[in-house]
Amino acid sequence: MEEMLNLMDGLTAIGIAPEEDYAHFMKMLMFAVAAVTIMSGALAERVKIVPYMIAAMIIGGFGYPVVEHLAWGGGFLANIGFHDFAGSAVVHAFGGIIGFTAAYIIGARIGKYRNGTSVPIAGHNVPFAVLGAWILAIGWFGFNIGSISSFNDWKIGLSVAVATTLAMAGGIIGAAIMSKGDPLFIANGAAAGLVAICAGADVVHPVGGLLIGFVAGILLPVVYKFIDSKLKIDDVCAVTSVHAVSGIWGTLAA
């Protein structure tokens, strides 16, 4: 009874759970937020805030915890040797698939497709989009390095940092080649490489990280153009190719 009363008291409850539990909770909370945010990129300009908030609560509160448990909480995937170090599948592929599905259901922006042909709708501020991608890339090192089990595992942390850096570089190179230097594809190529390396950053050789990122960068414009031109699904921020496809590829490569 005393323990139950302590749990109901915010002040005296502090310290009941090990500090590691609080850290793990915050980490999983941020991963859930990331998965929900990924979805928004596919729905830009077509969804109101209230429906999106409802979807975010359902996906973040119910969908993501199930997926996370299957992979990291002792569920089915964890029991068959599934390896996803920092969320290529659990966070990115999950969020990307949700975004792809939502974009398909909601439909395209007005004027996006005319007479069966995709009409390019340029972003209003390319430099800001590129800047946002690089800010995201900087934070990604916390995303990946923060996934090591202990701060004492500094050697693993260094390996993760190097693999992450080279995967990002590989994604940039691959996307630059396939898009013929398009700045938005190059910026998204960095993100695609980072997504792909999340699964195996702790186990792959740095050169392997470079190759994983390179393939993700190659796939990015190919998949995006296929979805846009052939499937006629208006994925504004290339969520499917950056997160879903790169996440699946990175998980398989790990």
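The values are calculated or read from the model by the stated rules, or taken from the named source; none is laboratory data. All values reported here derive from a predicted model rather than from experimental measurement. Neighbour counts are summed over all protein chains in view; Cβ atoms, including those assigned to glycine, are modelled from backbone coordinates with ideal geometry.
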In the range 227-254, what residues are within 20 Å of Ile110 (Cα to Cα) and among the hydrophobic types (A, V, I, L, M, F, W, C)? Ile227, Leu231, Ile233, Val236, Cys237, Ala238, Val239
Scan the range 172-207 residue by residue and report those that are in contact (Cβ under 8 Å) with a residue 60 or more places away in the chain and either among the aliphatic types (A, V, I, L, M) or farther than 20 Å from His83 by Cα (or both). Leu184, Val195, Ala196, Ile197, Ala199, Ala201, Val203
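Here is a yes/no grid of residues against (1) at pLDDT 90 or above; (2) in contact with a Pro (Cβ under 8 Å, 6 or more places away or on another chain); (3) surrounded by 11 or more Cβ atoms within 10 Å (Cβ to Cβ):
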| residue | (1), (2), (3) |
| --- | --- |
| Glu2 | no, no, no |
| Leu7 | no, no, yes |
| Ile14 | no, no, no |
| Ala23 | no, no, yes |
| Leu29 | yes, no, yes |
| Val33 | yes, no, yes |
| Ala44 | no, no, yes |
| Pro51 | yes, no, yes |
Residue check, Ala44 assigned to a helix (DSSP H, G or I) and within 30 Å of Lys232 (Cβ to Cβ): no
Filter the range 177-194 for residues that are on the phi > 0 side of the Ramachandran plot and assigned to a helix (DSSP H, G or I) and give the result. none
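So that you can scan it fast, the table gives a plain yes or no per residue for (1) among the basic types (Lys, Arg); (2) more than 24 Å from Ala44 (Cβ to Cβ):
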{"residue": "Phe94", "(1), (2)": "no, no"}
{"residue": "Ile110", "(1), (2)": "no, no"}
{"residue": "Tyr113", "(1), (2)": "no, no"}
{"residue": "Ala133", "(1), (2)": "no, no"}
{"residue": "Gly142", "(1), (2)": "no, yes"}
{"residue": "Lys155", "(1), (2)": "yes, yes"}
{"residue": "Ser159", "(1), (2)": "no, yes"}
{"residue": "Val162", "(1), (2)": "no, yes"}
{"residue": "Thr165", "(1), (2)": "no, yes"}
Scanning the range 53-69 residue by residue, those surrounded by fewer than 17 Cβ atoms within 10 Å (Cβ to Cβ) and either among the β-branched types (Val, Ile, Thr) or over 30 Å from Ala122 (Cα atoms) (or both) turn out to be Ile54, Met57, Ile58, Gly61, Phe62, Pro65, Val66, His69
